[in-house]
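**Student:** Quick one: the structure is below, questions incoming.
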Amino acid sequence: MPTLGLLHTVRRVVMPLSDLATELIPDIRQLHYLDESVLQDAIATDGLTPDIHRRVTQLVLLAAERCDAVLVTCSSIGPCAELAASLTDKPVLRIDRPMAEEAVSLGQRIAVVATLGTTLAPTADIIERAARDAGRAATVRRHLCEGAFAAASSGNQAEHDRLVLEGLQALLTGPDAAEVIVLAQASMASVAARLGDVTTPILSSPRSGILRAGEVVRHHA
């Protein structure tokens, strides 16, 4: 049976992404790999150190031994995934790449919203790269919802949601309002749904990323 390896850095996303993959690509077996210390260390060092690159590469290569493709579900370590891809003949995918391609196809003023600085930069970078690859003009605005990640980590989901909602509303108004909003973390999607009847596209990575991974697995199996 074709097999997709999913590499995670946060425990709470494993089951939602597994359920979504079961819904979208039921013909593909899933193997999940989790190392929460990778993201914790990236936050502590405010970036990706050589040691983090090494550890992510080891995880990717481990998954590649048993899977037809590997999907890295954490945008914070996306650059590590790209480095690891050069060391295996199995496809190594970033879950946020299809979202980035869709964003640049929908507008030029793109806002990226994140609750973690370590996720904000890689997501904005991949959107800018997708725009260059497509030959499209794009201005990427970066917005960090300060305190939201800490609130969620401590169990205060209501405060997390309030801070994210404030950030989204600020990006939807004014003369420089975003034409497209990209959620750097899928956990913000439920908050975005509370905005109601908003015409501005608000994109999240899991659905498009998993669908793309399914196509790749079927091709390489």
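The values are calculated or read from the model by the stated rules, or taken from the named source; none is laboratory data. Not measured: the values here are computed from a predicted model. Methodologically, a virtual Cβ is constructed for each residue, glycine included, from the backbone with ideal geometry; neighbour enumeration extends over all protein chains shown.
**Student:** Of Asp46, Asp27, which residue is closer than 27 Å to Ala152 by Cα and either loosely packed, with under 14 Cβ neighbours inside 10 Å or modelled with pLDDT of 95 or more (or both)?
**Tutor:** The match here is Asp46.
**Student:** Now for a different question. Quick check, is Thr57 hydroxyl-bearing (Ser, Thr, Tyr) and outside any helix (DSSP H, G or I)?
**Tutor:** No.
**Student:** Identify, from the list Ala121, Ala114, Ala85, Ala81, the residue that is modelled with pLDDT under 95, surrounded by fewer than 20 Cβ atoms within 10 Å (Cβ to Cβ) and either touching a helix residue (DSSP H, G or I) at 6+ places or on another chain (Cβ under 9 Å) or under 18 Å from Ile181 (Cβ atoms) (or both).
**Tutor:** From the options Ala121, Ala114, Ala85, Ala81, the qualifying one is Ala85.
**Student:** Of the residues Ala213, Ala178, only one is in a loop (DSSP other than H, G, I, E, B), aliphatic (A, V, I, L, M) and touching a Leu at 6+ places or on another chain (Cβ under 6 Å); which?
**Tutor:** Every option except Ala178 fails the conditions.
**Student:** Could you check, for region 151-173, whether at least one of its residues is in contact with a Cys (Cβ under 8 Å, 6 or more places away or on another chain), among the aliphatic types (A, V, I, L, M) and modelled with pLDDT of 90 or more?
**Tutor:** Yes, some residue in region 151-173 is in contact with a Cys (Cβ under 8 Å, 6 or more places away or on another chain), among the aliphatic types (A, V, I, L, M) and modelled with pLDDT of 90 or more.
**Student:** If you don't mind, another one. Restricting to region 202-216, and then to whatever is of a type in the set (Gly, Ala, Ser) and surrounded by 20 or more Cβ atoms within 10 Å (Cβ to Cβ), can you tell me which residue is nearest to Thr22 (Cα to Cα)?
**Tutor:** Gly214
**Student:** Next question, about the same structure. Search region 137-195 for residues being closer than 22 Å to Met99 by Cα and among the polar types (S, T, N, Q), and hand back the single one that is farthest from the chain's Cα centre (by Cα).
**Tutor:** Per the stated criteria, the residue is Gln169.
**Student:** I'm trying to understand the selection: among the residues of region 181-198, which are outside any helix (DSSP H, G or I), surrounded by 20 or more Cβ atoms within 10 Å (Cβ to Cβ) and not aliphatic (A, V, I, L, M)?
**Tutor:** Hit for region 181-198 is Gln185, nothing else.
Listed here are the residues, each with its yes/no results for (1) among the hydroxyl-bearing types (Ser, Thr, Tyr); (2) surrounded by fewer than 20 Cβ atoms within 10 Å (Cβ to Cβ); (3) farther than 30 Å from Ala64 by Cβ; (4) touching a residue at least 12 places away in the same chain (Cβ under 8 Å).
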| position | (1), (2), (3), (4) |
| --- | --- |
| Val164 | no, no, yes, yes |
| Ala177 | no, yes, yes, yes |
| Thr200 | yes, yes, yes, yes |
| Arg218 | no, yes, no, yes |
